[in-house]
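Worksheet: the structure to be examined is printed underneath.
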Amino acid sequence: MPHISYVNPASVDDPELIEIMERARTLGTPRPESQAIRLHHPEVMKAFNHAWEVFFRQGVTDHAIKELCRLYISKSVECEYCGGQRSVLARQQGATEAQVDEILEFESSPRFDERERTALEWAMAITWSPQSASDDLWERLHRHFTEPQLVELGHFIALTLGQQRFLKTVAIKHGEVLAETAAGLAPDEAQRLALQAGVAGG
């Protein structure tokens with residue numbers, strides 16, 4: 001069990017929270033487990049969800065690039081929970097499992113274009129070494145992104161870094177809330193849960 005208990009989604013009667021949990025069930029990223037933790041504080045959950053919608057799902061920066069930055073952070077800080085998730089929308093926009101497999105080697109991998117590499121280098125700097133954001137990196141960032149896009153992307157990287165580190169300390173796992181849904185799971189994680197469910201079912 002996680003270090004903070006899950007709130008049973010069936011106990012919620014606030015229509016806005018019910019809608020947020022339904023999105024977690026059908027779309028994932030974020031998955032039901034992390035949202036069931038946030039349900040302890042409805043206003044925090046609503047505020048997080050609003051920020052997540054503005055910074056990640058919507059906005060002016062390519063969703064697929066934001067998803068690559070999210071996955072770089074997941075793999076880099078070794079958050080298995082977040083790293084086991086995929087954005088359906090990002091997949092539709094061209095993000096691939098082959099990129100995920102090589103995301104920690106993005107600087108040398110041919111699977112990333114210059115724009116993606118630039119965003120990922122900024123994610124790396126924000127995550128590990130803000131002072132490494134050189135003049136050269138900033139020149140490339142301004143070449144590939146508008147300033148509104150940079151504001152959105154930087155805030156998204158900061159938000160996902162903080163929430164992933166938080167969730168890692170809480171020690172949540174997939175399949176512990178609304179276990180029947182595989183929405184937003186990486187293929188190998190979905191397969192693992194399906195096998196686990198098969199074993200549990202006899």
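Every number in this text was worked out from the coordinates using simple rules, so none of it is lab data. These numbers come from a predicted model, not from an experiment. Methodologically, a virtual Cβ is constructed for each residue, glycine included, from the backbone with ideal geometry; neighbour enumeration extends over all protein chains shown.
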Response to the item:
Summed over the other residues with a beta carbon less than 10 angstrom from that of PRO9, with K and R at +1 and D and E at -1, the charge totals 0
Discussion item. Give me the mean projected area, in nm² to one decimal, of the convex hull enclosing the Cα positions of region 73-150.
Written reply: 5.7 nm²
Worksheet item: What ranking, highest mean first, results for peptides 151-164, 85-98 when packing means the other Cβ atoms within 10 Å averaged over each residue?
Response: 151-164, 85-98
Worksheet, complete the sentence: Taking the chain, the equivalent ellipsoid from its C-alpha gyration tensor has semi-axes in Å, biggest first, of 30, 19, 15
Worksheet, complete the sentence: Net charge (Lys, Arg +1; Asp, Glu -1) of residues whose beta-carbon lies under 14 Å from that of ALA197, ALA197 excluded, is -1
Worksheet item: Near the amide H of GLN85, under 5 Å away, which other amide H atoms are found, from residues 5 or more places off or on another chain, if H is placed in the peptide plane?
Response: ALA186
Practice prompt. For the chain, return all DSSP H helices satisfying: extent of Cα atoms along own axis at least 18 Å; mean Kyte-Doolittle hydropathy at least -1.0.
Written response: 63-76, 114-128, 147-170, 187-200
Practice prompt. Quick one: grab Rg to one decimal and Dmax as a whole number for region 1-76, Cα atoms only, in Å.
Written response: 13.3, 38
Item to complete: First measure r as the distance between the Cβ atoms of SER132 and GLU176, then evaluate 1/(1 + (r/R0)^6) with R0 = 35 Å and state the FRET efficiency to the nearest 0.05.
Response: 0.40
